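What follows is a set of notes on a single structure, which appears directly below.
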Amino acid sequence: RLRTWDNRSQVHEPADRNFRQAFSELDRLKTKLALSDAVIEKTAYIYRKALDKGLVRGRSIPGLIAASLYAACRNTETPRTLTDVSNGINIKRKDIARCYRLLLRELDLKMPVVNPIKCVSRISSIAGLSEKTKRKAVEILDQAAKIELSAGKDPMGLAAAALYLSCVINGENKTQKDIAVSAGVTEVTIRNRYKGLKEALEL
Amino acid sequence: MPQTKPIVSVENVVASASVDQKMDLNEITRTFPDVEYHPDQFPGLVFRLKSPKTATLIFTSGKMVCTGSKSEEMARKAVKTVVQKLRKGGIKVKKDATVEIQNIVASINLGGKIHLEQAARTLPRSMYEPEQFPGLIHRMLDPKTVILLFSSGKLVCTGAKKEPDVYRSVNNLHALLEEKNLMIYD
DNA sequence: GCTTTAAAAAGTAAGTT
DNA sequence: AACTTACTTTCTAAAGC
């Protein structure tokens, strides 16, 4: 485990203690966010690249570790939000987002765009929605992607709206508020996306 | 050849200036009650003009930053007006200010929609994170500018120091988008 | 890095009515 | 539900922490 860092920890560099501390935090996050070994390995790999490019100078190590972790999740399409990472490591979401964008710029990383379909399971399990409703929501999101209705929109908002629309179609009684809270978006956003999906897909 | 002619509108011009002499910001604050000066919050004094509608930051070094102009010429005029007002208010300013344009922000309409997600995969030095911001951020190397692209076909270009660079950036990007089949016209 | 200023794009958020 | 206001991103200079 943590091979990438362990190699480095053999040599006693000045920043050694900070690294050990940051990576023990990462180990704690692995459990807290239920992450796979692959994600942690990728995090270490990305962080190592940032180190080699000298991006760590004058910047907070935990911030870059958190950003590397988020980048690893994105890269492996592991559905974890910036807010998840932020709550887990107790660093402001905005600071992690800034470090993450720095990584993308400086390391020339290309990330797959978050697929709203990946958000469906998560919202559904929190809100307690049926398999049938989930399946219909996935269909709706597939259609929406085809006509590029998703361009520029928050994947969580889109997934929440698709699930709400799916509930209405299937007669599953869930309020906008229930789904909004489960998805971490506002009811207004669900209404706006819902309107767009309904009109564009004429459902 | 591009299929549409982009509509470009300069929205903001930032200029730095200098009157090459020390300034007493407290004296300016006394003579111009409308200015904002909170040295413990920010070292610059904010001097607002109604016309041209701008905000000029004045520092004790005599250096200034003028923001809010809609053109390079308007920015130069705004700095002149500020110096003129300071003199009328009894503030001694020996030389006229030297002005340098530092940044030009423009909004653009390409007249067709953009395949944003495909553009994100195709354009180099670009970043598209809809959870954080609805636009695709693209860094152009020559001219060195940053362009925000939206699915509506509208853009924001920033970082240019000359107006022609705004047009060059837009034309470069427009040609690239058409070449890669990333535009949709009705 | 932060502080302040201006401006646009489109999406999301929050407080009022 | 509408409105209003405000914040997200990009850029840039200034002096100082």
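Data table
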| item | result |
| --- | --- |
| Charge-dipole axis of the protein assembly as shown as Lys and Arg at +1 and Asp and Glu at -1 on Cβ define it, positive-most pick from B:29, A:130, B:104 | B:29 |
| Rounded FRET efficiency, nearest 0.05, which uses the C-beta distance separating residue B:21 from residue A:186 and R0 of 41 Å | 0.20 |
| Calculated from backbone phi, Karplus (6.51, -1.76, 1.60) coupling profile of region B:96-111 in Hz, x at Gly/Pro | 6, 6, 9, 10, 10, 7, 9, 7, 10, 10, 9, 10, 9, 10, 7, x |
| Derived scalar couplings ³J(HN,Hα) [region B:83-95; Karplus, 6.51 cos²θ - 1.76 cosθ + 1.60; whole Hz; x for Gly, Pro] | 4, 4, 5, 4, 5, 4, x, x, 8, 6, 10, 5, 9 |
| Whole-percent pair-distance distribution, where bins are 20 Å wide, for the alpha carbons of the protein assembly as shown | 23, 43, 31, 3 |
| Rounded to whole Å, sorted largest first: equivalent-ellipsoid semi-axes of region B:109-182, Cα gyration tensor | 18, 14, 11 |
| Viscosity 1.002 mPa s, 20 °C: Kirkwood-radius Stokes-Einstein D of chain A over Cα pairs, µm²/s | 117 µm²/s |
| Span from the region B:80-95 Cα centroid across to the region A:183-203 one, whole angstrom | 56 Å |
| Given charges at beta-carbon only (K, R positive; D, E negative), |dipole| of the protein assembly as shown in Debye | 700 debye |
| Average partner coverage of A:150-158, which counts Cβ from other chains inside 10 Å | 5 |
| Top positive-direction residue, dipole computed over the protein assembly as shown with Cβ charges, set B:130, B:83, A:62 | B:83 |
| Highest-MSF residue in chain B out of B:118, B:132, B:102 [GNM, Cα springs under 10 Å] | B:132 |
| Segments A:58-70, B:65-77 sorted - mean Cβ within 10 Å per residue, highest first | A:58-70, B:65-77 |
| Size of charge dipole - region A:105-179 - debye, nearest 20, with Cβ of Lys, Arg +1 and Asp, Glu -1, no other charges | 140 debye |
| Rounded to 10°, Cα long-axis angle of helix B:163-179 versus longest principal axis of chain B | 10 degrees |
| Rounded percent of accessible protein surface that carbon and sulfur make up, chain B, 1.4 Å probe | 53 percent |
| Full-stretch length increase - residue B:1, residue B:41 - with 0.36 nm per residue and alpha-carbon distance subtracted | 9.3 nm |
| Size of electric dipole in region B:109-182: Cβ of Lys, Arg +1 and of Asp, Glu -1, about Cα centre, debye, nearest 20 | 160 debye |
| Coarse-grained scattering of region A:24-112 at q = 0.20 Å⁻¹, given as base-10 log I(q)/I(0) from a Debye sum over alpha-carbon atoms | -0.85 |
| Average accessible surface area per residue within region B:109-182, 1.4 Å rolling probe, Å² | 45 Å² |
| In Å, descending, principal axis extents of the Cα set of chain B | 61, 33, 26 |
| Helical contribution to [θ] at 222 nm, DSSP H n ≥ 4, -39,500 (n - 2.57), averaged over the protein assembly as shown, rounded to 500 | -15500 deg cm²/dmol |
| Whole-number D in µm²/s for region A:112-151 (Stokes-Einstein; Kirkwood sum over Cα pairs; 20 °C, 1.002 mPa s) | 202 µm²/s |
| Other-chain or far-sequence residues with amide H under 5 Å of residue B:102's (modelled H) | B:14, B:15, B:16 |
| Listed residue pairs exceeding 32 Å between alpha carbons, taken from A:94/B:113; B:95/B:154; A:92/B:70; B:5/B:53 | B:95/B:154; A:92/B:70 |
| Among A:86, A:124, A:36: highest mean-square fluctuation, GNM of chain A, C-alpha pairs under 10 Å | A:36 |
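The values are calculated or read from the model by the stated rules, or taken from the named source; none is laboratory data. All of these numbers come straight from a predicted model, not from anything done at the bench. For neighbour counting, all protein chains shown are included, and Cβ atoms are generated from backbone atoms with ideal geometry for every residue, glycine included. All accessible areas refer to the heavy atoms of the entire protein, side chains included, with ligands and DNA or RNA removed. Shrake-Rupley method; radii C 1.70, N 1.55, O 1.52, S 1.80 Å.
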